[in-house]
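Take a look at the structure below.
The values are calculated or read from the model by the stated rules, or taken from the named source; none is laboratory data. In this text the structure is predicted, and so the values were computed from the model without any measurement. Positions of Cβ are backbone-derived with ideal geometry, glycine not excepted, and every protein chain shown enters the neighbour counts. Note: accessible area is taken over every heavy atom of the protein model, side chains too, but ligands, DNA and RNA are not part of it. Shrake-Rupley method; radii C 1.70, N 1.55, O 1.52, S 1.80 Å.
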Amino acid sequence: MKKIAIILSIFAATTMILSSCAKYEEGPSFTLLTKKARVVGTWTVTEVTVNGDIQDLGGTVVKTTLEKDGTGTMSIVWGAITITNDLEWEFDDEKEHLRTRTKETDETEFGEWDEGEIIRLTNSECWVRTVETEASVTVTTISKMTKE
(Lines give C-alpha, C1' and ligand atoms only; values in the text may rest on other atoms or scores of the structure.)
Protein backbone atom coordinates (compact mmCIF):
# COMPACT_ATOMS: atom_id res chain seq x y z
CA MET A 1 0.00 0.00 0.00
CA LYS A 2 2.86 2.36 0.82
CA LYS A 3 4.44 1.64 -2.58
CA ILE A 4 1.21 2.64 -4.37
CA ALA A 5 1.04 5.88 -2.38
CA ILE A 6 4.62 6.73 -3.35
CA ILE A 7 3.97 6.00 -7.03
CA LEU A 8 0.79 8.12 -7.00
CA SER A 9 2.67 10.97 -5.30
CA ILE A 10 5.42 10.86 -7.93
CA PHE A 11 2.82 10.76 -10.71
CA ALA A 12 0.91 13.73 -9.23
CA ALA A 13 4.12 15.76 -8.78
CA THR A 14 5.27 15.00 -12.33
CA THR A 15 1.88 15.98 -13.75
CA MET A 16 1.89 19.29 -11.87
CA ILE A 17 5.47 20.09 -12.94
CA LEU A 18 4.87 19.29 -16.62
CA SER A 19 1.56 21.15 -16.78
CA SER A 20 3.14 24.24 -15.27
CA CYS A 21 5.97 24.18 -17.84
CA ALA A 22 3.68 25.21 -20.69
CA LYS A 23 4.99 28.45 -22.16
CA TYR A 24 2.06 28.95 -24.50
CA GLU A 25 -1.64 29.09 -23.69
CA GLU A 26 -2.57 26.24 -26.06
CA GLY A 27 0.58 24.18 -25.57
CA PRO A 28 2.43 22.05 -25.89
CA SER A 29 3.06 21.38 -22.22
CA PHE A 30 6.32 19.55 -22.93
CA THR A 31 8.70 19.30 -25.88
CA LEU A 32 12.36 18.53 -26.45
CA LEU A 33 12.63 20.89 -29.42
CA THR A 34 13.70 24.50 -28.89
CA LYS A 35 11.28 27.28 -29.78
CA LYS A 36 13.53 28.32 -32.65
CA ALA A 37 13.67 24.76 -34.00
CA ARG A 38 9.87 24.59 -33.91
CA VAL A 39 9.28 27.95 -35.62
CA VAL A 40 11.80 27.60 -38.46
CA GLY A 41 10.25 26.25 -41.66
CA THR A 42 7.51 26.99 -44.18
CA TRP A 43 4.10 27.77 -42.71
CA THR A 44 0.73 27.97 -44.47
CA VAL A 45 -2.17 29.90 -42.95
CA THR A 46 -5.06 27.45 -42.56
CA GLU A 47 -7.53 29.53 -40.54
CA VAL A 48 -8.02 33.15 -39.52
CA THR A 49 -10.45 34.11 -36.77
CA VAL A 50 -11.42 37.73 -36.16
CA ASN A 51 -13.24 38.44 -32.90
CA GLY A 52 -14.28 34.79 -32.74
CA ASP A 53 -15.60 34.56 -36.31
CA ILE A 54 -13.77 32.31 -38.80
CA GLN A 55 -12.93 34.24 -41.96
CA ASP A 56 -13.33 32.91 -45.49
CA LEU A 57 -9.87 33.05 -47.08
CA GLY A 58 -11.49 33.07 -50.52
CA GLY A 59 -8.85 30.87 -52.13
CA THR A 60 -6.02 33.10 -50.90
CA VAL A 61 -2.94 31.15 -49.81
CA VAL A 62 -0.49 32.79 -47.45
CA LYS A 63 2.86 31.06 -46.94
CA THR A 64 5.65 32.25 -44.69
CA THR A 65 9.12 30.74 -44.66
CA LEU A 66 11.22 31.46 -41.57
CA GLU A 67 14.96 30.72 -41.75
CA LYS A 68 17.29 30.07 -38.79
CA ASP A 69 19.17 33.33 -39.39
CA GLY A 70 16.07 35.52 -38.76
CA THR A 71 15.23 36.08 -42.43
CA GLY A 72 12.54 34.62 -44.64
CA THR A 73 9.83 35.29 -47.20
CA MET A 74 6.09 35.77 -47.22
CA SER A 75 4.08 34.81 -50.29
CA ILE A 76 0.44 35.59 -50.93
CA VAL A 77 -1.19 33.67 -53.78
CA TRP A 78 -4.59 34.71 -55.05
CA GLY A 79 -5.61 33.05 -58.28
CA ALA A 80 -2.82 33.58 -60.82
CA ILE A 81 -1.29 36.44 -58.83
CA THR A 82 1.63 35.80 -56.47
CA ILE A 83 3.23 38.49 -54.33
CA THR A 84 6.43 37.60 -52.46
CA ASN A 85 8.21 39.83 -49.99
CA ASP A 86 11.40 39.40 -47.97
CA LEU A 87 10.99 39.47 -44.23
CA GLU A 88 12.90 39.48 -40.96
CA TRP A 89 11.67 37.73 -37.83
CA GLU A 90 12.59 37.46 -34.16
CA PHE A 91 11.22 36.42 -30.80
CA ASP A 92 10.80 38.90 -27.98
CA ASP A 93 13.05 38.37 -24.93
CA GLU A 94 10.65 35.89 -23.29
CA LYS A 95 9.95 34.08 -26.60
CA GLU A 96 6.23 34.64 -26.05
CA HIS A 97 5.77 36.95 -29.04
CA LEU A 98 6.83 36.59 -32.67
CA ARG A 99 7.87 39.77 -34.42
CA THR A 100 8.05 40.13 -38.21
CA ARG A 101 8.64 42.94 -40.65
CA THR A 102 8.51 42.83 -44.42
CA LYS A 103 10.19 44.65 -47.26
CA GLU A 104 7.86 45.67 -50.06
CA THR A 105 8.92 44.54 -53.53
CA ASP A 106 9.94 48.03 -54.63
CA GLU A 107 11.45 49.04 -51.26
CA THR A 108 15.03 48.83 -50.00
CA GLU A 109 14.17 49.13 -46.29
CA PHE A 110 12.12 46.91 -44.02
CA GLY A 111 8.87 48.31 -42.61
CA GLU A 112 7.74 48.49 -38.99
CA TRP A 113 7.73 45.41 -36.77
CA ASP A 114 4.41 43.58 -36.38
CA GLU A 115 4.10 41.53 -33.21
CA GLY A 116 1.81 38.65 -32.31
CA GLU A 117 1.45 36.60 -29.16
CA ILE A 118 2.24 32.93 -29.71
CA ILE A 119 -0.55 30.86 -28.17
CA ARG A 120 0.48 27.47 -29.63
CA LEU A 121 3.82 26.36 -31.06
CA THR A 122 4.50 22.77 -31.97
CA ASN A 123 6.69 21.41 -34.75
CA SER A 124 3.63 21.31 -37.04
CA GLU A 125 1.28 24.02 -35.71
CA CYS A 126 1.66 27.68 -34.85
CA TRP A 127 -1.17 29.90 -33.59
CA VAL A 128 -0.56 33.64 -33.23
CA ARG A 129 -2.92 36.18 -31.66
CA THR A 130 -2.83 39.89 -32.42
CA VAL A 131 -4.90 42.50 -30.64
CA GLU A 132 -5.33 45.94 -32.16
CA THR A 133 -7.35 48.83 -30.77
CA GLU A 134 -8.31 51.76 -32.94
CA ALA A 135 -10.90 54.40 -32.07
CA SER A 136 -12.01 52.38 -29.00
CA VAL A 137 -12.65 49.27 -31.13
CA THR A 138 -10.61 46.20 -30.24
CA VAL A 139 -10.00 43.57 -32.91
CA THR A 140 -8.55 40.20 -31.90
CA THR A 141 -7.18 38.07 -34.72
CA ILE A 142 -5.95 34.49 -34.37
CA SER A 143 -3.99 33.06 -37.29
CA LYS A 144 -3.54 29.29 -37.34
CA MET A 145 -0.74 27.89 -39.47
CA THR A 146 0.55 24.44 -40.32
CA LYS A 147 4.07 23.53 -41.34
CA GLU A 148 4.81 21.95 -44.72
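Descriptive notes on the structure:
- Of all residues in the stretch 45-78 being small (Gly, Ala, Ser) and touching a Ser or Thr at 6+ places or on another chain (Cβ under 9 Å), the one that is nearest to residue 141 (Cα to Cα): 52
- Count of the stretch 121-144 residues which are surrounded by fewer than 14 Cβ atoms within 10 Å (Cβ to Cβ), assigned to a strand (DSSP E or B) and either of a type in the set (Ser, Thr, Tyr) or in contact with a helix residue (DSSP H, G or I) (Cβ under 7 Å, 6 or more places away or on another chain) (or both): 3
- Counting the residues of the stretch 78-87 that are open to solvent by 50 Å² or more (accessible area, probe 1.4 Å) and in contact with a Gly (Cβ under 9 Å, 6 or more places away or on another chain) gives 3.
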